[in-house]
Every structure is written in structure tokens, then in C-alpha cells.
Amino acid sequence: MRKYIAAALLVVGWVLLAVVCVAVWLHYYPVRSGFTIRMTSRVPLAVVPAAGALLIFVLLRRWFMLGFAVIATVALVWTQLPLWIGENPPPGERFTVVTANLRLGQADLDTLADLVERSDADLLSMQEVTPEALVRIRTSSIARELPHEFAIPVPQSGGTALFSKRPLVDPAPVPNTADRNLSARTDLPGAPGARVLAIHPRAPLGGQIDSWQRDLSTIGAYLRALPDERVVAAGDFNSTWDSPRFRDLLTDGYADSVEQVGGGFLPTFPANRGLHPWITLDHVVTRGFAAASVNTYDIPGSDHRAVVVSLVAS
């Protein structure tokens with residue numbers, strides 16, 4: 001009986017090791033199918049099978065296989081390491097950026113308004129802003145705290161909005177994206193005339209994978225084409241750190257705020273299923289700024305956690 005148990009455990013160990021190897025591959029390879037894109041968003045969770053494989057090979061004293069498991073685990077940890085090693089922000093006046101997905105306009109705006117007020121937000125990016133939601137936003141304390149607005153509401157999930165403490169100038173949609181991605185300039189502490197964007201590429205669901213890829217490529221090209229200026233791009237990027245297409249955005253001086261602070265694993269989705277979120281889709285990407293802190297908050301009615309980032313001009 002022990003022999004059969006040992007054989008079964010060995011097979012389980014091999015399967016767990018294979019899962020870890022696939023996770024490392026997904027981190028580096030720009031996959032195209034819906035299934036592999038979803039699996040890429042779960043790469044950080046591969047630490048669980050990695051620990052299981054290590055434990056099994058130790059218990060079975062399979063030292064050769066243990067060596068492979070150690071190498072695969074180190075490779076997996078290496079993919080996540082940048083998210084855990086942060087830097088101290090420079091001195092300067094800090095300001096706050098909030099991003100929130102309203103889930104078809106159904107999120108609790110009172111909770112979001114309270115978060116905006118408590119965090120003393122300077123800029124709010126909202127996604128999935130419907131015409132009805134925008135009416136409610138304009139009559140809420142959000143509009144009093146952040147009186148300057150650039151919004152393009154759309155039924156269902158395509159609408160987006162920027163609300164700011166200071167005037168938004170040169171507002172324009174990012175061209176050639178499936179959903180509304182917005183761009184404007186505003187004065188931020190230590191950064192007059194900074195470029196600010198509300199980001200929401202199409203989700204890679206069903207037959208929309210090509211649209212998702214085009215949106216991320218278009219957004220990346222738009223960011224790289226901006227002149228040498230400070231930039232804050234906040235929103236639901238519909239992609240995670242482990243997606244090579246998201247990391248392609250982090251070039252030419254752009255950085256993800258979680259990476260800057262060493263915030264580690266800060267998942268934001270799904271936030272409405274009675275479980276802790278396990279996917280990080282919502283980001284604040286900047287150029288010319290350093291993040292001082294990153295936090296996430298539940299918003300009832302939304303399937304995303306809101307992200308609150310403290311920034312300072314660098």
C-alpha cells in the first residue's frame with residue numbers, strides 16, 4: 001500500500017511541478033487564447049503548487065526531482081520579485097489618485113465619495129461609467145470634491161470619466177480604442193501641466209481578444225508618443241503584471257505604482273464573489289512620479305476594488 005501511495009504522490013508532485021513550469025512560461029510568453037490569458041492572470045497563485053511539489057519531493061526523498069522543483073520555484077519567485085522590492089519616494093508634496101471600476105454604473109457612489117473625501121483625492125479615474133451613473137456622480141459629493149470633469153459615458157461597460165481638483169485642459173479621447181480611454185492635462189502638486197489618463201482597454205473575453213490586444217498596443221503607442229512630460233495613467237487595464245503586453249507599457253520611464261512601492265500581491269478582481277480577490281487588473285502607471293503608498297478598498301456593487309495611490313513628483 002505504501003508503494004502505491006508513494007507512486008501516487010510522485011505523480012502529484014510531477015503535475016504540480018508542471019503547473020509551476022507553465023506559470024513561468026506564461027509570464028514571459030504573450031499568449032493569445034482566452035484560456036491562457038486567464039491562466040496568465042493567475043501566475044502568482046502558482047506559489048501554492050510550487051510549495052506542494054517541494055514538500056512531496058522532500059517527503060519522498062526524490063532529490064533529483066527536488067532540484068528541478070527548486071529551480072522552477074526560484075524562476076517563479078524571480079518573475080514576482082520586482083513587485084516586492086520597492087524604493088523610498090523622494091521628498092516633496094504628495095497627492096492622491098483614485099481609480100474605480102463602477103461595474104456598469106452600479107457601484108455604490110456614496111462609498112466611493114467617502115473614499116475620495118477620506119483620501120483627499122486630487123484625481124479620480126472611473127471606468128464603466130453609464131449616462132445614469134454620471135448623472136448621479138454629478139449630484140454627489142464627488143463633484144464637489146473634484147469639480148472639474150471630463151467624461152464620456154456609454155451604456156454598459158464602455159464609458160469612462162476623469163474628475164479633478166484642478167481644471168482639465170486639452171481633453172480628448174485616446175484615438176482608435178474600442179472603449180473610451182481619456183486624456184487631459186492638469187496641474188498636480190510639483191507637476192504643472194501633467195498628462196492624466198483614464199484607462200480601460202476592452203476585456204479579453206469571448207471574441208474580444210483581438211480588440212484587447214489592439215487596445216493595449218494603441219495605449220502603449222500613445223503613451224510612448226507623448227512628449228517628455230509627467231504622466232499619470234489610472235484605470236482598469238484588464239491585464240496583470242504577468243502579462244507581457246502589460247509590461248510592454250512599462251518602458252520609456254513608465255512604472256507601475258505597486259512595483260515602485262514594493263506592494264507585492266494586491267489583487268483587485270473579482271471583489272463581489274464572497275472571496276478575496278485574486279487578480280490584479282487595476283493599476284496606476286506613471287512617468288515622472290514616484291509612488292509613496294498603494295492601497296485597495298472594496299466598493300459595494302463593483303466587482304473591482306478601488307485603488308488609492310499616493311504620488312510625489314520625481
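The numbers here are math on the coordinates, done by the rules we state, and not lab data. Here the structure is a predicted model, which is why all the values come from computation and not from measurement. Glycine gets a Cβ as well: all are built from the backbone with ideal geometry, and neighbour counts include every protein chain shown.
A few comments on the model shown:
- Helix runs (DSSP H) in the chain reaching 30 Å along axis by Cα, Kyte-Doolittle at least 0.0: 2-28
- Pairs of Cα atoms nearer than 8 Å and 6+ residues apart set the relative contact order; for region 2-83 it is 38 percent.
- Kirkwood hydrodynamic radius (C-alpha pairs) into Stokes-Einstein, the chain, 4 °C and 1.567 mPa s, D in µm²/s: 63 µm²/s
- Pair PHE35, HIS276: separation of 7 Å Cα→Cβ label points (nm): 2.9 nm
- Simple Cβ-charge dipole of the chain, Lys/Arg +1 and Asp/Glu -1, about Cα centre, in debye nearest 20: 1240 debye
- Fewest neighbouring Cβ atoms within 10 Å first, the residues ASP256, ASP110 line up as ASP110, ASP256.
- Euclidean distance between Cα centres, region 38-97 to region 112-170, Å: 37 Å
- Trypsin sites (Lys or Arg not before Pro) within region 243-297: DSSP coil, no more than 13 neighbouring Cβ in 10 Å: ARG273
- Projected label distance in nm at ARG42 and PHE68, using a 7 Å step from Cα toward the beta-carbon: 2.3 nm
- Applied to region 277-290, the Karplus parametrisation 6.51 cos²θ - 1.76 cosθ + 1.60 on θ = phi - 60° returns per-residue 3J(HN,Hα) values of x, 9, 10, 9, 9, 9, 9, 10, 9, 9, 9, x, 10, 10 Hz, with x for Gly and Pro.
- Expressed to the nearest 5 percent, the antiparallel share of DSSP beta bridges inside region 20-171 is 65 percent.
- Taking a Cβ cut-off of under 13 Å around HIS304, the surrounding Lys, Arg, Asp and Glu residues balance to a net charge of -3, with basic ones at +1 and acidic ones at -1.
- A simple count of charges around LEU168, restricted to other residues whose Cβ falls under 14 Å of its Cβ and scoring Lys, Arg +1 and Asp, Glu -1, yields 0.
- The ranking of HIS148, HIS304, HIS276 by Cβ neighbour count inside 10 Å, starting from the fewest, reads HIS276, HIS148, HIS304.
- The chain - percent relative contact order, Cα under 8 Å, separation 6 or more: 20 percent
- Nearest-0.05 FRET efficiency for MET1 and SER141, computed from C-beta distance (R0 41 Å): 0.05
- Summarising the amide proton neighbourhood of HIS148: residues at separation of 5 or more, or on other chains, whose placed amide H is nearer than 5 Å comprise SER164.
- If you take all other residues with their beta carbon under 11 Å from the beta carbon of ASP110, and give Lys and Arg +1 and Asp and Glu -1, the sum is -2.
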